[in-house]
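The values are calculated or read from the model by the stated rules, or taken from the named source; none is laboratory data. Treat the numbers as computed from the prediction; the structure is a model and nothing was measured. Glycine also receives a Cβ, built like all others from the backbone with ideal geometry; neighbour counts cover every protein chain displayed. Keep in mind that these areas ignore ligands, DNA and RNA; they rest on the heavy atoms of the full protein, side chains included. Shrake-Rupley method; radii C 1.70, N 1.55, O 1.52, S 1.80 Å.
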Amino acid sequence: MQQALKWLFASFLSLTTVVQAMAVDGLSVEQYQQIKQPGLDKPQHEHSDIAPLLALHQQNALFRFSQLGLSAQGTPVWQIDIGTGPIKVLAWSQMHGDEPTATAALMDLLNFVSAPEQKNWRDNWLNKVTLRLIPMVNPDGAAANSRFNSMGIDINRDAKALQSPEGQLLMQAAKAFKPAFGLNLHDQNRFYAAGDSNKQTTISLLAPAFNEAKDIDASRKKAMQLIGDMADLMAEQLPGYLGKYDDTFSWRSFGDTFSGMGISTVLIESGGYPGDDNRQVARRLNAQLLVLSIESIASGAYLQQTLEGYRAIPFNRDGGIKDVLIDNIGIAINGHDAIVDVALEFDLVGAKQARVRDIGDLSIYGSYHRFDATGLRYQAPKAYTLTKALTLDKTKYLALLREGYSHFSGDASLLTNNTDWPVVLNPKGLSDTSPQRFRHATFLLANNEGVQLALLNGQLLDLRNGLILYPLGT
Ligand SMILES: [Zn+2]
């Protein structure tokens, strides 16, 4: 609605020819598809992913590149200045190395800004705003897929101590540039729901506090007003998937520290969306929010916002979202029958093990994947002991699962899996006569006709059609 009104407003202005079309066009989904940087639809981004893109953009006179400095391990951290206007905006990404989503969005933004057909759009703000981008503040953490820098320091808890080279660089950039606005770009955990809903917070926003009392001064008020504009965009693009990040004052953090330095700081957190492993929905929304921020800051449109838009955003509800929900499983303990929902959680790094997370009435939760097991009952896991070489093709594997074997024990080298189905070998911590919290997510689901589905390390294999119902991951 807001966007439509803005469009009408812009059309009206161009009809009257009093003013050139204002920069209130935003970045549409269609436009986004054209400028989306290929090659970044993956779970992690390292310096080597963006270095060639930055080298290309460095040829463009629109962009003023300079090396801000080096990470602890000697990788360059770049800053890119765009525009010459008096209102300065600093945006930085991936100070937590394993939070790459917004770095891809910054690459998209560079493509959009430099697109030849966006000349009019650019000209509307290049003399009003100076934008400074610092993509990937923590390249060492990115290379290690780690939140921390190579010294083990959480850069976002180093704003006061300033012992990490990367934290020093960010503070140095802020003090030299003196931005009016700061856009602090992160990824958040995938288990956040938007308030009491069962929807993911694909984006969460915050105007960080600068003291325990969470006072609102003129600078923080502007950040809240800009977030009001962002909330309008989210309501158009993905209603219900916006949350507010925890607003507890965090003295050591950059956002809170910058907020205390009079920088109107907005925290933008990218989160999950069903069936979107690599957070491409959040990435696109980031690009749209960045374009909106430029437009709104350049035109002063955000000043029209009351604080109600900000206040109305529901807080994140941690644990409101589960990786997988299997609803209505029949269980029996000591002759006592019950119907329960079971939530699974994936350990996405390292061993990629899935475990049972919660049991009971889980109807208040959302999930990335959901299966209704009505009419099916839990059947305890049972090991097939390897005593001689065994080659699994689909027929053989299905036969074993139907016989009630869920996994294999013994000498792993005896087993050859020629199917593309997961195999569970020598699992530790299995559930017993009923599913149990924090145990391995491997068991069977059966009815009176026998085993119908096998849960194999969190993945559901439907024996009736040989299909894995969802991939391991989010
Ligand atoms: Zn973070």
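A quick yes/no check of all residues on (1) in a loop (DSSP other than H, G, I, E, B); (2) open to solvent by 40 Å² or more (accessible area, probe 1.4 Å):
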{"residue": "60", "(1), (2)": "yes, yes"}
{"residue": "102", "(1), (2)": "no, no"}
{"residue": "119", "(1), (2)": "no, yes"}
{"residue": "127", "(1), (2)": "yes, yes"}
Seminar exercise, completed: Output for Cβ contacts, cut-off 9 Å, separation at least six or different chains, first residue within 15 Å of residue 81 (Cβ to Cβ) in the range 49-71, second among the acidic types (Asp, Glu) and surrounded by 12 or more Cβ atoms within 10 Å (Cβ to Cβ), reads 63/81; 64/81; 65/81; 66/81
Exercise. Does any residue of the range 138-154 turn out to be part of a helix (DSSP H, G or I), within 14 Å of the ligand (Cβ to nearest atom) and buried (at least 19 other Cβ atoms within 10 Å of the Cβ)?
Worked result: yes
Exercise. What residue, of 292, 348, is out of contact with any Cys (no Cβ under 8 Å at 6 or more places or on another chain) and buried (at least 18 other Cβ atoms within 10 Å of the Cβ)?
Worked result: 292
Exercise. Hey, among 53, 90, which residue is outside any loop (DSSP other than H, G, I, E, B), open to solvent by less than 20 Å² (accessible area, probe 1.4 Å) and not charged (D, E, K, R)?
Worked result: 90
Problem set entry | Pick from the range 72-100, criterion of a type outside the set (Phe, Trp, Tyr) and within 14 Å of the ligand (Cβ to nearest atom), ranking: nearest to residue 188 (Cα to Cα) | 99
Problem set entry | helices (runs of 4 or more DSSP H) fully within the range 245-358 counting 2 or more residues that are among the β-branched types (Val, Ile, Thr) | 280-299
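Has the range 361-379 got any residue that is assigned to a strand (DSSP E or B) and either among the β-branched types (Val, Ile, Thr) or without any contact (Cβ under 8 Å) to a residue 40 or more places away in the chain (or both)?
no
Here is a yes/no grid of residues against (1) more than 16 Å from the ligand (Cβ to nearest atom); (2) crowded, with 18+ Cβ neighbours inside 10 Å; (3) among the acidic types (Asp, Glu):
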{"site": "286", "(1), (2), (3)": "no, yes, no"}
{"site": "332", "(1), (2), (3)": "yes, no, no"}
{"site": "340", "(1), (2), (3)": "yes, yes, no"}
{"site": "380", "(1), (2), (3)": "yes, no, no"}
